[in-house]
Structures are given as C-alpha cells and as structure tokens.
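First the structure, in the form of structure tokens, and then the observations on it.
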Amino acid sequence: MTWEQTKAARRAAGECILCRRPLAPGNKNFCPECRDRNNEYNRTYIRENWEKVKKMQYDRAKKLQREGKCTCCGKDRGNSGSELFCPKCLERNRQYESSRAESKKARYYTLRAAGLCTVCRKPSKKAVCDECRKK
Ligand SMILES: [Zn+2]
Ligand SMILES: [Zn+2]
Ligand SMILES: [Zn+2]
C-alpha cells in the first residue's frame, strides 16, 4: 500500500492519518496532537526552505495564470478582467490593499501630528528626521 492509500484508508476509518488514534468529531485527518506537530513541521519547513517555497508559489501562480485561473484560489478567473484574480479574490485584494493604504496614511498623519519622525518615531520637525534621511 502506498502512503496515499494508507492515508485514504485511515481517513475513511476516521483515524488520525499519522498515529491512527480514533478522531473526535470535528477533527479531520489529524488528531490535535499530530496537527500541532504537523503545523510546527510545516512552519519549520517553510522557514528553512523559504527560497524553494517562494519559487513553488511563483511557479504555481504562473501555471494558474496560464490556465486562466485565479492565482489566489485556483478557480476559474471568469470575466474578472484581471490577469491574476477571479472577481471574488480581486474584490478581496482591493479591500485589503485599500485598508492597508488607509492605515499607512493614518499612521503617517498621527506621527506627524505628534511631531515624530515617520520612520524611526523619534521627535523630529520634519516628516523624516535627518538621521533617517541619511540612511
Ligand atoms: Zn495523531
Ligand atoms: Zn480567486
Ligand atoms: Zn527618523
């Protein structure tokens, strides 16, 4: 039996696919312990293989883009008019981007009003203090 088949069989039996403990209702694939371990593993893997992971994500996005799919959720892009996202993800990204721009602007004005450098937050007459400007 391949690992894929083993996993499928354990999933069907309602067992944790790693330790074979019976799963509580609401748990999928992993028992809580194995899920934690698995998350930890994934985080470590991503941290240690960041370049590879980034490349994989890039390749995946390129492929989806070629196939006319959304690079975010993988669904058909439909008539979104975007080369990257389906209408749904496009809308979500737009909201995210604008809220990010808003909070950046808000931060800038708050710091200026308080007479602080917008980079290092030290007292400064200018938006960017002399020290930060030198960098
Ligand atoms: Zn388990
Ligand atoms: Zn999408
Ligand atoms: Zn500064």
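Could you size up the charge dipole of the chain around its Cα centre, putting +1 on the beta carbon of Lys and Arg and -1 on that of Asp and Glu, and report it in debye to the nearest 20?
The calculation lands at about 560 debye.
Distance in nm between label sites at Glu131 and Leu116, each 7 Å beyond Cα in the beta-carbon direction?
1.4
Averaging over all projection directions, find the projected area of the Cα convex hull of region 78-135 and quote it in nm² with one decimal place.
Over every viewing direction, the Cα hull of region 78-135 projects on average to 5.4 nm².
In whole Å, what are the extents of the chain along the principal axes defined by its C-alpha atoms, from largest to smallest?
Answer, in whole Å and largest first: 70, 40, 30 Å.
Given a Förster radius of 41 Å and the C-beta distance between Asp76 and Asp36 as r, what FRET efficiency does 1/(1 + (r/R0)^6) yield to the nearest 0.05?
Values: r = 35 Å, r/R0 = 0.86.
It comes to 0.70.
Projected area of region 1-61, taken from the Cα convex hull and averaged over every viewing direction, in nm²?
About 5.4 nm², averaged over all directions.
If each residue of separation counts as 0.36 nm, what is the full-extension length gain between Tyr96 and Thr44 once their alpha-carbon separation is subtracted?
Working: separation 52, 0.36 × 52 = 18.72 nm, distance 2.74 nm.
Taking Tyr96 through Thr44 to full extension adds about 16.0 nm, to one decimal.
Each value in this text was obtained by applying a stated rule to the coordinates, not by laboratory testing. On a predicted model such as this, the values are computed, not experimentally measured, just so you know. Glycine gets a Cβ as well: all are built from the backbone with ideal geometry, and neighbour counts include every protein chain shown.
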